[in-house]
Structure formats: structure tokens, C-alpha cells
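Below: the structure, in C-alpha cells.
Any read-out appearing in this document is the output of simple, stated calculations on the displayed coordinates, not a laboratory observation. Since we're looking at a predicted model, the values are computed, not measured. Here Cβ is always computed from backbone atoms with ideal geometry, including for glycine, and neighbour counts include all displayed protein chains.
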Amino acid sequence: MKAPASTTAKSEQWGAQLLDLSQAFRHLFRSVRRLRGRDTHLLGSDVSHAQFELLIELYDRGPLPAGELAAAAELTPATVTQMLDHLAECGHVERARSESDRRVVVSKLTSQGKRKVKNKRAIWHGRWEQALADVDAEELRIATRVLTRMSAVFEDPPGSGDCD
């Protein structure tokens with residue numbers, strides 16, 4: 001038995017919209033990848049995008065040991081330690097022994113590091129507001145839901161262990 005024409009048309013329309021979404025996502029992903037390479041130069045920054053992500057974690061969560069920071073940023077502890085060395089040299093981060101466990105070294109933002117995060121967030125917030133000024137709250141909720149579902153696809157893709 002054949003599906004009703006309205007069901008077929010709806011299915012074709014959904015498929016076309018899914019293809020449009022896929023293409024828009026690929027375009028966005030490429031833009032973000034390019035941004036990661038040029039962001040340091042665009043804003044006159046002395047830190048890379050990945051290093052800035054560490055600053056954001058410290059800003060949002062407060063002082064953290066390198067291991068917790070590595071887990072939050074999904075990086076190796078060795079990589080985070082190297083990044084923290086650079087951030088400390090630049091004056092954005094300071095490290096000190098934990099008061100509760102002297103074996104643990106925690107990193108925290110300096111006032112300079114806090115200013116860097118606040119300033120960059122203000123720049124990006126303005127850009128987001130300008131780009132999305134004509135999008136209503138419901139559309140933003142839907143976009144958030146879609147992006148959240150899409151991120152789950154990349155967290156555990158089917159056949160992620162396959163070499164094919």
C-alpha cells in the first residue's frame with residue numbers, strides 16, 4: 001500500500017529541511033574552525049582559542065587543579081599544564097598550593113585574566129545580539145534544542161570505533 005501524497009510530501013519537505021540544516025551546520029563548523037585559527041590575531045590576543053577556553057572554565061568555576069581543568073576542557077593534563085604555563089607567563093593565571101590539600105596545585109584567574117574574559121565575552125555578546133536581533137525567543141529555544149541534539153550526535157557517533 002502506498003503512503004498518502006500528503007505524507008510523502010511532508011517526508012520530502014522534512015528531508016529537504018534536514019539537508020539544509022546539515023549544510024548550514026557544515027558552514028558553521030567551518031567558520032568556527034577558521035575562527036579558532038584567526039581569533040588570536042583578530043582581537044590582538046596573546047592566548048589561543050583553546051587557552052581562552054581554560055580561562056573561561058576558571059572564570060565560571062573558580063580555582064581548579066590542572067586535572068579537573070583538563071577533564072572540563074577535554075584535554076590531557078600534560079596539555080593543560082603547558083597551556084597554564086603560558087597563561088601564567090602572560091599574567092592571566094596564577095598557581096598556588098591548595099589550602100585544603102597542600103599536595104594539590106590550583107590555578108586561578110588573576111584580575112588581568114578576569115578582565116580578558118569579561119572583555120572578550122562582551123565583544124562576542126554584542127556580535128551575537130547584532131546577528132540574532134530579529135530572532136524571537138521561541139526560535140532561540142528551538143535552535144538551542146536542535147544544537148544540543150546535534151552535539152549528542154558527535155559525542156557518540158554510531159560506528160565511532162570503526163576504521164571504515
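Okay, here's what the table says:
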{"item": "Under the Karplus curve 6.51 cos²θ - 1.76 cosθ + 1.60, θ = phi - 60°, whole-Hz ³J(HN,Hα) for region 148-156, x wherever Gly or Pro sits", "result": "5, 5, 5, 5, 5, 4, 7, 5, 9"}
{"item": "Peptides ranked, highest mean first, by Cβ atoms within 10 Å: ranges 51-62, 68-79", "result": "51-62, 68-79"}
{"item": "J(HN,Hα) series, region 55-71, from Karplus relation 6.51 cos²θ - 1.76 cosθ + 1.60, nearest Hz, glycine and proline x", "result": "4, 4, 4, 5, 5, 6, 10, x, x, 9, x, 4, x, 5, 5, 4, 5"}
{"item": "Region 81-131 - convex hull of alpha carbons, volume per residue in Å³", "result": "97"}
{"item": "Cα gyration tensor shape for region 85-164, rounded if a/c is under 1.5, else prolate or oblate", "result": "oblate"}
{"item": "Förster-model FRET efficiency, 22 Å R0, Leu147 and Lys108, C-beta, rounded to 0.05", "result": "0.10"}
{"item": "Cut-off under 5 Å, modelled amide H: who pairs with Val104 long-range", "result": "Ser98"}
{"item": "Added length on full extension, which subtracts the Cα-Cα distance from 0.36 nm per residue, Lys10 to Glu74", "result": "19.0 nm"}
{"item": "Where labels lie 7 Å past Cα in the beta-carbon direction, separation of Arg121 and Cys90 in nm", "result": "1.7"}
{"item": "Gyration tensor verdict on region 57-102 (Cα atoms; rounded if a/c is under 1.5, prolate if a/b is larger than b/c, oblate otherwise)", "result": "rounded"}
{"item": "Those residues of region 126-144 whose amide nitrogen sits under 16 Å from the label point placed on Phe154, 7 Å along Cα→Cβ", "result": "144"}
{"item": "Lys pairs, the chain - Cα-Cα below 28 angstrom, 8 or more residues apart or on other chains", "result": "4"}
{"item": "Percent RCO, i.e. relative contact order, over region 41-91, from Cα pairs under 8 Å lying at least 6 residues apart", "result": "35"}
{"item": "Kirkwood Rh (inverse of mean 1/r, distinct Cα pairs), the chain, angstrom", "result": "19.3"}
